Amino acid sequence: MKYSYIAVKVLSITVAASLAANISAQDSQPVFEEVLVTAEKRSESLQDLSQAITVLTGEDLDTRQVTSFVDLSAIAPGVNIAKNEGFKTVITIRGVGNEANQNAIANPSVSYHLDGIYVASPFALQTDFLDLERIEVLRGPQGTLFGQNSTGGAINVVTTAPSMDSSFGKADLTLGDYGLIKARAAYNLPLSDTLAVRASIISNKRDGFTDNLTLGQDLDDANSLSARVRVLYEPSDNFRANFTAQYFDEDRNGAAQKGLLDPTPGARKLRQNSIAEYELESQLYSAVLEWDFEKFSVKSLTSYQDDDILIRRDNDRNDLDFLPPFAQLPSSYDPETNKQTTITQEVNLVSSEPLFGKLDWVAGVFYLDTDVEISILERLDFGFDGTFDPFTIETIYAYGGDVGFISDSKPERDSTSMYGQGTWNLSETWRTVFGLRYTEDEVYSSVTNYYGREGTDILEIESDKVTGRLVVEHDINDSTMLFGSFTKGFKPGGSNLTYGTEAVVAPIVVLPIFNEEIVNAYEIGLKTDLADGRARLNAAAFYYDYKNLQYQATDPEVFNGGVGNIPESEIFGAELEFSAFLSDSLILDARMAWLDTEITSDHLALDNVQSEAAGNALLGQGFDLFSDEIQIARADQIQNVNGNELAKTPSFTGNLSLNWTKELEAWGEMRSTLQYTYRGDFKHRIFNNADTDIVPSYDVLDLVIGFYPGAGESWHAELVAKNLTDEDGINARFTDVFGVGATGDELIGPRQLMVRFGMDF
């Protein structure tokens, strides 16, 4: 059943939670076990940490059908994950995300870590989840321990480690509609008393969900291979080494991004006259070395990462034969390539016993070196005659007729930081946490844009910043903790690939460089176990004061866009996580988040949807693309965004799940999970344009029913239904910045019915 009003959704969750909280506990009844996390560089109990953290175990991921980052949306409170342009995963936590994702040198606002290794490339977030122990979602700025690109939070993915106990493995095969064939396998092999290896692999193939009626392509298909090998070497009690090699390859037709102007009936039917193609190869190699000493441990984390991507797509997102003349400038990316290589090195020290009997501490240094090579070839039909005229760099200054856009850029980023955090035990019930991080960041870019402007631009920007965290914790009793915190977060500035120039008749909106972003975050929280451990309640409320928020900006000069800074904005929010045993066999899990955001200062910005429409109207009258008239018409669309909502910040998200286990005596047991997810509506961009920027809400119902036979049997079978009510919810809306201002929607997956067979061996 689909609920229509948020009030009904909230009421249903609240009533269920109230019933669970009133259950009287008995010694024989089950309780929630302790959950250990490494959110603060050491293994600690989730309930002892003064942070808002959601943990999903490997079993949780299977029962909830979380197979990629996008599936985490709303399951972790306040988390919204979308695929902008179909291939860039943008994570927003508590309203903080990477709104400037079309600039490759702009840092994300949520950092991603694999077994503690910082993963730099946004393309690496396309990989399938493979053989995981758990996922930790840390909400709120994490700048002290995780660096400058974690103003929104951090996600730490922990893979399953090798074991020296015995040889064992598991495998499963999933078959479903849309021609789905998904095979997974993992095997653990001890090679000696000190050496073990674990290998994992996933092959995922599926037909597309959406039909391009013009070219006969099915889009949103799947064709990927993921593999990982982990080696554990532990020659003594005080030294261990983990070596990881991970590979991901994807080659498919590409994402369906239906243009808002596309008149084709049906949410999953569209017409586009340019081919769509998507290729990604992602590699990661890491070495984690650990030494244990009497009073502290030392960990060294080294990684090499390489990501290579190629994209072709219809950038206007339409077949122009089905639109009025000059409604949209014909455009095709053919191709866009992006290669990113990153080296990271981190060394941290963690106390094993309190200093002076009161101080637990962690300290470390971190280094990152990232090199990016970007090439964009955009073919345009300024004559609106249906011909995309090819051209080369050699002839760029001599072209005639239709013109295109070529950009070659090579941004580089070097970042070095030092950090430390301590927990001082003031008494048995009071503690204070304090931490500082110093960061130096340098960006160098060489940018060559061919569309009438000659030469190569060299841009450099340096920044350094001290960020920190202060927390007060109080144990009300053995099962309840209150905390209050202040955190300063920082995201460095950088250079824009394109930007406005002085030789124009319109005001400059996009500058060659953009400034660093600062957030001051205030948070109070509660963590408690109720009913003698049969219920668990975690809650938090927060206020963010933002300075120089980075967003995607557009200049009146054609083809110029980049990152701008909004002087002041603020975010209010609250989150709730509640779990309870309704009975010995039935578990309720409810998660909710509320957000309120606002731009609180004057700021002039250009709505590129309106500006491109104004420019297209003049093109239809015969004006030249680079004429003063078109620049003036575009500049007329500049507006003050003071009072608008921030982008991609749903006011309410919620997730409710029921997990039921039924013993079948000698037959084994049935396990089922019913999950309901709601993502509220939000504004797609800071302009809050009523025609393009209001993204409606959606709700999704998922179901898993599994049969696990009795002792002695190693197989199991599951029936899986995703999006049971076949909701056409919008996962992401994207508006192009460079050249055409086209807006398109990418939907969540349709109803999928699957059967999964698994075996342990």
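Quick note: the coordinates plus some simple rules give every number you see, no bench work behind them. Just so it is clear, the structure is predicted and the values come from calculations on it, not from any experiment. Because the Cβ atoms are built from the backbone with ideal geometry, glycine has one as well, and the counts that use them run over all protein chains shown.
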Item to check | Kyte-Doolittle mean at least 1.6 and Cα axial length at least 18 Å: DSSP H helices in the chain | outcome: 6-21
Item to check | When each of 295/358; 83/648; 88/488; 339/410; 339/648 is checked by Cα-Cα distance, pairs over 21 Å | outcome: 88/488; 339/648
Checklist entry - In nm, to one decimal, how far is the modelled label at residue 225 from the one at residue 476, with both set 7 Å along Cα→Cβ? => result 5.5 nm
Checklist entry - Could you give the length gained on full extension between residue 281 and residue 601, defined as 0.36 nm per residue of separation minus the Cα-Cα distance, in nm? => result 111.0 nm
Next on the checklist: For the stretch 718-747 and the stretch 305-322, what is the centre-to-centre distance using only Cα atoms, to the nearest Å?
Outcome noted: 15 Å
Checklist entry - Over the stretch 6-760, what is the relative contact order in whole percent, taking alpha-carbon pairs under 8 Å and six or more residues apart? => result 12 percent
Item to check | Dipole in debye (nearest 20) - the chain, about Cα centre, beta carbon charges: Lys, Arg +1; Asp, Glu -1 | outcome: 1440 debye
Next on the checklist: Based only on other Cβ atoms within 10 Å, what is the fewest-to-most ordering of 667, 660?
Outcome noted: 667, 660
Next on the checklist: If packing is taken as the average number of other Cβ atoms within 10 Å across a peptide's residues, how do 342-348, 117-123 rank, most packed first?
Outcome noted: 117-123, 342-348
Checklist outcome for this item: Log10 I(q)/I(0) at q = 0.12, 0.17, 0.24 Å⁻¹ for the stretch 534-616, from Debye over equal alpha-carbon scatterers, is -0.60, -0.80, -1.08
Checklist entry - How high is the FRET efficiency between residue 239 and residue 424 when r is their beta carbon distance and R₀ equals 41 Å, given to the nearest 0.05? => result 0.85
Item to check | Span per principal axis, largest first, for the Cα atoms of the chain (Å) | outcome: 82, 57, 54
Item to check | Partner aspartates and glutamates for residue 269 [C-alpha distance under 13 Å; skip if fewer than 8 residues away on the same chain] | outcome: 211, 218, 220, 319, 728, 745, 746
Item to check | Distance from the stretch 560-607 to the stretch 45-98 (C-alpha centre basis), Å | outcome: 13 Å
Next on the checklist: Per q in 0.11 Å⁻¹, report the Debye log10 I(q)/I(0) for the stretch 155-292, using one uniform scatterer on each alpha carbon and no solvent.
Outcome noted: -0.59
Item to check | In nm, spacing of pseudo-spin labels at residue 247 and residue 666 (7 Å Cα→C-beta vector) | outcome: 4.9 nm
Checklist entry - Which whole-percent values make up P(r) of the stretch 243-286 when all C-alpha to C-alpha distances are grouped in 10 Å steps starting at zero? => result 21, 33, 22, 16, 8, 0
Checklist entry - Which of the aspartates and glutamates could a cross-linker bridge to residue 170, judged by Cα under 12 Å and excluding same-chain residues fewer than eight apart? => result 131, 760
